[in-house]
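Read through the structure below, which is laid out as C-alpha cells, and then see the notes.
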Amino acid sequence: MRASFLLTAALATVLAGPAPAATLQDYAWQWPIQTEGDGAAHVLELDAEVLQYVTRGDLRDLAVFNADGEPVPFAPWPPKARDEEALDTIPWLRVPLPAPGQPESLALRLERDADGTLRGLDLRTTDDTLPPAEGHDLLLDRGEDPPAVSVLHVELAEAAELPVNLRVRISASDDLADWQRIGAGLPLVALDDNGLRIERLQLAFPPTRARYLRLAIEGDGSWPLLAALKGERRVDAGDGREWLQLELTGTNAGEEAGVYDFSTPGPIAVERVDLTLADANSVAAAQVGARNPGEDWWRPVANFAAFRLGSGEDEVRHIPPSIQPRRDREWRLTTQPALGKAPKLLLSYRPERFVLLAQGPAPYTLVAGSVRAEREDYPVKAALEASSAPPKPATLGPKMEAGGEQALAPKRGEDWQRWLLWAVLAVGAALVLAVSLKVLRHPKNG
C-alpha cells in the first residue's frame, strides 16, 4: 500500500507541472499579417506558398501571435457547404437538314405540350419538299426560365456504333428565330482501342440561360444513337475561393515500367487530379494512388483513360476526374500500357481559409512549422456567428525565419518531465513486481 501511495504521489507531481506556453521560437517560419481597418476578426487565405512549411496533416502547427508574443484565437473557416454539379435531362428532337442544292429558307412548324414543352416539329423548305432524314441537327428545349448551363453530357445508347469522332457546333436561342453561336469544334469522341475505352462525351461552352440549344455536326459524320442528353448546372454554395493548380514532375518508381512517383510541397487539400501526357497521340489506362510519408500502402484515388489524340487545335484530351478532398503528400501513377515518359501530374485545390480574432495589440504574425507546438482549439466559429460584421480580409507579408530548424527538431533538455515520468513508471513496475513475488513466496495461511 505504501509503495502504491508513493507511486501515485510521484505521478501527480510529474503531471501537475504546467506545460510551457508556445512562443514564436517554437515555429520555424513567420509572416507579418497586414490587416485592413480595426475589425474584430480577419480572414486569411493560405495557398501552397505557406502550406509547404506546415508539417502536420491537420494543419495544427499554424498559429497567430500578437505584438506581445501571445497566441490569439485562430482557426479554420470552412465553407458551410460545397459547390455541387447537378445533371438535368433535357428533351431533344431531330431537326432534318436540307439536301445539297435545296434552298436555305426553311419553315418551322412547332407542336407543344400543355406546359409549353416542345413536343414535335416539322421542317420544310420553301418549295414544300421534305428534306431527307439522314442529316439532322439536335434541338434541345430546356423549358421556361432555365438555369445557367455550361456543359452537356452525351450518353450513348447501348446499340451505338463505334467509333464516334465528331466535332460539334452549339447555338443558343430564346425564340427559335435568333441564334447565337456559343461553341464550335467541340470534340465528341468514343473509341475502343484494344479493349481500352476512350471517351470524351462532354461538350463545354460559356454559361448560357437560353431556352433552346441547337447541336450541329461540323464536317462529315452523323449522330450516333443517343440514350440521353443532360445539362450540367452548378449549385453554387458561395465558397468564392479561387481554384489553384500544382504541376508536379514525376520520377521512376523503382524498376517497374510505367510507374511514377510525385510529391506535393505540403498537406494541401487536393480536389481534382489530371495528367498531361508527354507525347501526342498517347493513350493509357491510368491508376492514381496516394499516401502520406511512412505509410506502407497506396490508397486508390482515381482510375481513368488518359489520352492525347490529334495535334494542334484538333487535339483531343480526356476529361479529368473529380476526387474527394485529400491531403496526402505522396502520389503514385501506374500506367498500362506503360508510358515511357513521365506525365505531369496536375492537382487542383482551393486555398485554406482561416480566421483570427483581433485579441491583444497588433501587428499580428502568422507562424508555421513545428514538431513541439500545437495550436489550441478556439471557439472562433461561435464568435463569428455572434457577430453581425463579417471578418475583414488580411494578407501576408514576406516570409521570415522564426525558430528555424530548431523548431523542427524534437526537444531534448526541456523534456525532463517526460523522462522523469518514464523513470517513475519503471520504478513503480519494479515495486509491484517485488510485492507480487513476496506474496507468492510467503502466502498467508488461511
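The values are calculated or read from the model by the stated rules, or taken from the named source; none is laboratory data. In this text, all values refer to a predicted model and were calculated from it rather than measured experimentally. In this analysis, Cβ positions are derived from the backbone assuming ideal geometry, glycine residues included, and neighbour counts consider all displayed protein chains.
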Give the residues of the stretch 191-227 that are assigned to a strand (DSSP E or B) and either more than 25 Å from residue 309 (Cβ to Cβ) or aromatic (Phe, Trp, Tyr) (or both), sorted by residue number.
205, 207, 208, 212, 213, 214
Inspect all residues belonging to the stretch 245-268 and state whether any of them is more than 30 Å from residue 289 (Cα to Cα), within 29 Å of the chain's Cα centre (by Cα), modelled with pLDDT of 95 or more and of a type in the set (A, V, I, L, M).
no
With the condition being modelled with pLDDT of 90 or more and hydroxyl-bearing (Ser, Thr, Tyr), I'd like the strands (runs of 3 or more DSSP E) fully within the stretch 337-404 carrying at least 2 qualifying residues.
344-349, 364-368
Can you find, within the stretch 243-261, the residue that is surrounded by the fewest Cβ atoms within 10 Å (Cβ to Cβ) among those that are hydrophobic (A, V, I, L, M, F, W, C) and within 13 Å of residue 334 (Cα to Cα)?
257
Identify, from the list 339, 366, 345, 356, the residue that is crowded, with 22+ Cβ neighbours inside 10 Å, touching a Phe, Trp or Tyr at 6+ places or on another chain (Cβ under 6 Å), of a type outside the set (D, E, K, R) and in the same structural domain as residue 271 (by TED's automatic domain parsing).
345
